[in-house]
Amino acid sequence: MLNQSLEFITAALGPMGPVIVAGVFGLLLILLSLPLILKKGPDPFDKLRGSGLGGFGATSGPVGTTNEPSRLRYNSGKFNLQKFESYLTPKNEEELTAAKLKLLQAGYRSAGAVGNYNFLRMVLGLVALMGGVIYVLFNSTHLSPTMMIVYILVPGAIGYFLPVYWVERRLQTRREEIENGFPDALDLMLVCVEAGQSMDQSILRVAVEIKHANKSLSEEFEIVANELRAGKDRITVLRDMGERCGVTDISSFVTVLIQSASFGTSISDALRVYAAEMRDKRIMRAEEKANKLPTKMTLGTMLFTVPPLLIIMVGPSVYNIYVSLF
């Protein structure tokens, strides 16, 4: 019976048929066992809250009435990634911190950003892998074993690393946006400071004024203003801003403000000098890109200009030689 099954699978799917069937069967077993693996038991603190012991949210009432825990949130029973948090977040603290910082610099500030990011990578990888398996199953007679493996693994790898590429691209775009809009924000901040506003009020005003022109930088200044309102130390807030942005200009600006406050110098003078330096730096970046443009266009020029010219100039001579010889 086993030999007949193997012969039937080989005839239907080719030489790699048994391997494909074993892989699909194993993947199905993994998918079926995931709910059992990821299922968590009841939290002991939830039992205490439900029993009303130890003051865990229990409400006392008159004699003869039952104590019921106070419910601050309604559990809708919808799918929530928090129960998969232990499987979707790195176990190493350094890796978790690096992943949080990377997503923070890309503009993803939610508490579950790391879990959502890893969950998306896993889902896209499995979906792409299953798509490759389905394609191989329907075209097994026309594919060699090597091509079967390629068509299965390559889509899975692309789906798994696609969120990584998206986050990297988002991070680079956001950094460029902040770098390009930072000199204008400094000029506006200098005007606010010289008009008599404090540094905190100037940061809030800049966040409001540049909201439509540069959304990323406006969000960063708004976070700084809200943290200062909450009573957080200004030096810590500014350093956190430099770390969140991941831009050298922002880190240097934070250093200038800290040194100006430490030595008691005028903030407006420091802003004026630094704003002029940032404008010059932006012009230098534009000139650098303009100087790189001819070098980048050389390859395109060689590919799309030289071959047509050679065909036009040399083609008739080659044709005449061919006709004369044959």
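The values are calculated or read from the model by the stated rules, or taken from the named source; none is laboratory data. For clarity, every value in this text was computed on a predicted model and none was experimentally measured. Note: ideal-geometry Cβ built from the backbone for every residue, glycine included; neighbour counts use all protein chains shown.
Tabulated data for the structure shown
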{"item": "Selection within the range 220-229 - closer than 22 Å to Tyr108 by Cβ and of a type outside the set (Asp, Glu)", "result": "Phe221, Ile223, Val224, Ala225, Asn226"}
{"item": "Subset of the range 304-326 that is among the aliphatic types (A, V, I, L, M) and exposed (fewer than 10 other Cβ atoms within 10 Å of the Cβ) - its residue that is modelled with the lowest pLDDT", "result": "Leu325"}
{"item": "Criterion violated by Met297 - all others in (1) farther than 29 Å from Arg109 by Cα; (2) surrounded by 14 or more Cβ atoms within 10 Å (Cβ to Cβ) satisfied", "result": "(2)"}
{"item": "Unique match (being touching a Phe, Trp or Tyr at 6+ places or on another chain (Cβ under 6 Å) and among the hydrophobic types (A, V, I, L, M, F, W, C)) among Ala195, Ala207", "result": "Ala207"}
{"item": "Wholly within the range 191-287, helices (runs of 4 or more DSSP H) carrying at least 2 residues that are closer than 21 Å to Lys102 by Cβ and of a type in the set (S, T, N, Q)", "result": "248-263"}
{"item": "Some residue of the range 244-258 being within 29 Å of the chain's Cα centre (by Cα) and not assigned by TED's automatic domain parsing to the domain that holds Glu179", "result": "no"}
{"item": "The range 103-129, subset assigned to a helix (DSSP H, G or I) and among the small types (Gly, Ala, Ser), residue nearest to Arg169 (Cα to Cα)", "result": "Ala113"}
{"item": "Test set (1) over 22 Å from Arg169 (Cα atoms); (2) buried (at least 17 other Cβ atoms within 10 Å of the Cβ); (3) aliphatic (A, V, I, L, M) - Ala99 fails condition number", "result": "(1)"}
{"item": "Subset of the range 238-264 (residues that are touching a residue at least 40 places away in the same chain (Cβ under 8 Å) and in contact with an Asp or Glu (Cβ under 7 Å, 6 or more places away or on another chain))", "result": "Arg244, Cys245, Val247, Asp249"}
{"item": "Matching residues in the range 130-148 - criterion: being part of a helix (DSSP H, G or I) and either touching a residue at least 40 places away in the same chain (Cβ under 8 Å) or at positive phi (or both)", "result": "Met130, Val133, Val136, Leu137, Ser140, Thr141, Pro145, Met148"}
{"item": "Ser140 being of a type in the set (Gly, Ala, Ser) and surrounded by fewer than 16 Cβ atoms within 10 Å (Cβ to Cβ)", "result": "no"}
